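None of the figures in this text is laboratory data; all of them are computed from the coordinates on show. Everything quoted here is computed from the prediction, not taken from an experiment. Glycine gets a Cβ as well: all are built from the backbone with ideal geometry, and neighbour counts include every protein chain shown.
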Amino acid sequence: MRVTAVRPLTLALSPEGRGSAHDVTCDVEVRAVTKTYGSLTAVRDVTLEVARGEFFSILGPSGCGKTTILRMIAGFLEPTAGEILIGGRAMHGVPPHRRPTSLVFQHLALFPLMTVYDNIAFGLRMRKAAEAEIRRKVGEKLELITLQGYEAKLPHQLSGGEKQRVAIARSLVIEPTVLLLDEPLGALDLKLREHMKAELKAIQHRVRTTFIYITHDQGEALAMSDHVAVMSRGRLQQVGTPAVIYETPRTAFVAHFVGENNALAGRLVGEDGGHAVVETAEGTFRVGNPLGLPVGASGLCFVRPEKLVFGDGGPPGAAAPNRLQGRVRELYYEGVIVKVRVALGSGRELQAAIPTVSGARLPAVGQAVGLGFAPSEAYVLPEEADGRGPA
Amino acid sequence: MAPRRALPWLLVPPLLWIGGLLVVPQLRMLELSFRRKLPLAQLGGPEDVYTAENYLRFAENPLYWKVFVKTVLSAVVITAVAFLIAFPIAYFLAKVARGRWATRLFLAIVVPFWVNEIVRTFAWLLILTEQGVLNQMLVALGFVQTPVSYLYTEGAVILGMAYAYMLFMLFPLYASLENLDFSLVEAAQDLGAGWTRVLRHIILPHCVPGAVAGSIMVFMLAVGTYVVPAMLGGKGAIWFVQLIYARFYDALNWNLGSAFAFSLLVLSLGFVAGMLRLFRLSMGRVLQT
């Protein structure tokens, strides 16, 4: 199956579609870019458009080609085929130091022998800016990252989060058209990462520079981005707002990779009022069919844990809910939600999630439970060509 | 035996080595340098007193001085030449060459140094003489009409020594370039630095400790060598060590020779201290590379 970077047209839950993308100036355009190393294809025919001033994430597991794309935009790699435009200008053959991009490296790459001030001033000095201007701009950026008074410190004297902010300031001070960030939060601990997520988004709001952010962490991508591009094995899987990516995945990979999902393998046996009827080992379900799979095709039915509703009544408002019977295997208390592992009659296990609102009744381990989900909350997608089954 | 108790015993051999073969002979030489050269009969007599005479002779004689200063300057030039040769090689080995090619290159550079220094210097002799490889090549290419002898000149000695001690510069430079995080180079490029400025602001500052370590070794070796200037320099390029040698073996004046040797030692140590101060480095930092 070939999934192109066509944006979904029916976005039930998206607050805004990508229809307006062409009205706004595109800052970065990646056009049919392929990058091969010998017989290995790192990036295969990827097309992306990043609008001015947006926070754009490229999400994918390690080795999916996302860093390769970023390095091609930054100019450290040249595409084997296709072209990259920044601010409407073709970038072929333009070296990194002549591109209007600035890269925040995965391990930050702060110059260890230079002070915070010299680190941030570096880009301006390379542009032969006047000393007074440098002082003013570095001061501004130190204010932006709230590290005034840190001018004379050396990188090794800073904490992880402070280094992070200095690296961002160093890249922003040269006023790039696009700021590229290569998993810069990867090395931080959980708490700090949460904090830096908010900080990054706040910084982006203040400076209004286009951010292209590379990550393998779907939480980061969803929380911070205006748009997310999901990649797998060098191919672009889907581009959309975080809500679109989460609610209406277009490939089995995206459905698995972004958030948690239950997948039930089955075959389309019919159609019923706009829904596909899928026969699985666990029963026959009515689910959405976003890609219009024909009757007779095999596919995976996806339903997210939080869409599974406990009780025999089924979800409120659903006309003809799908039903499952099972037994509670395990409960995982996670604070906001309680995760429930339910074993179905066939032996397959499903993940369900119950929000921990006050008064919610939790099932007990070993208890027989009924589960239901609305046809509109589930969808069938084709299995991936390489036979990648349910995770 | 507990490891802690064993430690003093383990220190005995190195201490014996350093004490017996380095400290004691040096102190003996220091003592000799402050005494007069006297006939055997007068030793221990009224003439046999401590005096700075030998050092004064060294200071008063312009010939000694000139050779001394020239040796130091040449050693500085040799150190610089060794750096200029070693740096690109070290950079290539550390950052460009990959896998099998890196190993092969390393071998190609190191194998000649398995050969004894004298034999290697003979190779230069064969290259630089009138009928040597260099002349044959230049004549064949038509750059010169009649062969020139490059031997027995300052240039020959500097070239020969820079080559002889290049490895001592190469290895510390390689070590410091090896641990240079290449993303620093990319970050500098990304922020607008071209290659020359990346070199100046990122790569060179990074390998200062390695360069200083290498410079100290090359300088010490160059200033104190005998073989290369004797073979390639002849009478055309006298090295200070040759003067020391002559005091000891030709003039049999051990006292004056010791004074010369000590002057050289003090100068070398001064050079090391100067280099460290110049680059604000500690000895420990340099020894790490």
For the protein assembly as shown, calculated [θ]222 nm from helices alone, where every DSSP H run of n ≥ 4 adds -39500 (n - 2.57): -12500 deg cm²/dmol
Using only alpha carbon pairs under 8 Å that are at least six residues apart, calculate the relative contact order of chain B and give it in whole percent. 26
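Evaluate peptide A:118-126: per residue, the Cβ atoms of other protein chains within 10 Å of its Cβ; return the mean as an integer.
4
If the convex hull of the alpha-carbon atoms of region A:260-381 is projected onto planes in all directions, what is the mean projected area in square nanometres?
Numbers: hull surface 29.2 nm².
Approximately 7.3 nm², given one-decimal rounding.
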How would you rank B:Trp254, B:Trp17, B:Trp124, going from fewest to most other Cβ atoms within 10 Å of each one's own Cβ? B:Trp17, B:Trp254, B:Trp124
Can you figure out the FRET efficiency of A:His156 with A:Ala187, using R₀ = 22 Å and their beta-carbon distance, to the nearest 0.05? 0.95
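From other protein chains only, count the Cβ atoms within 10 Å of every residue's Cβ in A:106-113, then give the mean. Intermediate results must be reported in sequence, preceding the final value.
Values: counts 1, 3, 3, 10, 2, 8, 4, 6.
Mean partner shielding for this stretch: 5.
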Value of relative contact order over chain A, rounded to a whole percent, pairs C-alpha under 8 Å and six or more apart: 16
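Ratio of region B:1-118's C-alpha Rg to 2.2 N^0.38 Å, to two decimals?
Working: Rg = 24.6 Å, N = 118, 2.2 N^0.38 = 13.5 Å.
Here the answer is 1.82, to two decimals.
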From the phi angles alone, apply the Karplus equation (6.51, -1.76, 1.60; θ = phi - 60°) to region A:193-204 and give each ³J(HN,Hα) in whole Hz, x where the residue is Gly or Pro. 5, 4, 5, 5, 4, 4, 4, 4, 5, 4, 4, 5
Within 10 Å of each residue's Cβ, count the other Cβ atoms and sort A:Tyr246, B:Tyr249 from fewest upward. B:Tyr249, A:Tyr246
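Using only alpha carbon positions, build the gyration tensor of chain A, then give the equivalent ellipsoid semi-axes as the square roots of 5 times its eigenvalues, largest first, whole angstrom.
Values: eigenvalues 390, 126, 56 Å².
Its equivalent ellipsoid spans semi-axes of 44, 25, 17 Å.
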Where q = 0.23 Å⁻¹, what log10 of I(q)/I(0) comes from the Debye formula for region A:111-162, counting one point per Cα? -0.86
Partner chain coverage, peptide A:323-330 - average Cβ within 10 angstrom: 0
Solution diffusion estimate, µm²/s, Stokes-Einstein, the protein assembly as shown, Kirkwood Rh from C-alpha pairs, 25 °C, viscosity 0.890 mPa s: 77
Between B:Val133 and B:Leu38, what FRET efficiency comes out of the Förster formula 1/(1 + (r/R0)^6) with R0 = 45 Å and r the beta carbon distance, rounded to 0.05? 0.30
In order over region B:33-42: 3J(HN,Hα) from phi, Karplus 6.51/-1.76/1.60, θ = phi - 60°, whole Hz, x for each Gly or Pro, gives 5, 9, 10, 7, 7, 10, x, 3, 5, 8
Spatial separation of Cα centroids for region A:193-254 and region B:224-272, in angstrom: 71
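Per residue and in cubic angstrom, what volume does the convex hull of the Cα atoms of region B:51-288 have? Mind dumping the intermediate values first?
Numbers: hull volume 40.8 nm³, N = 238.
Cα-based convex hull of region B:51-288, divided per residue, equals 172 Å³.
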Take the alpha carbon atoms of region A:75-122, find their center, do the same for region B:1-70, and report the distance between the two centers in whole angstrom. 60
Taking R0 as 41 Å, what FRET efficiency do you get between B:Ala59 and A:Ala132 from their Cβ-Cβ distance, rounded to the nearest 0.05? 0.15
Please give the direction-averaged projected area of the C-alpha convex hull for region B:1-59, in square nanometres with one decimal. 6.6
What list do you get for A:Lys307, A:Lys141, A:Lys153, A:Lys66 if you sort them by fewest beta carbons within 10 Å? A:Lys153, A:Lys307, A:Lys141, A:Lys66
Gaussian network model of chain A, Cα springs within a sub-10 Å range: biggest mean-square fluctuation belongs to which of A:Arg233, A:Arg136, A:Arg329? A:Arg136
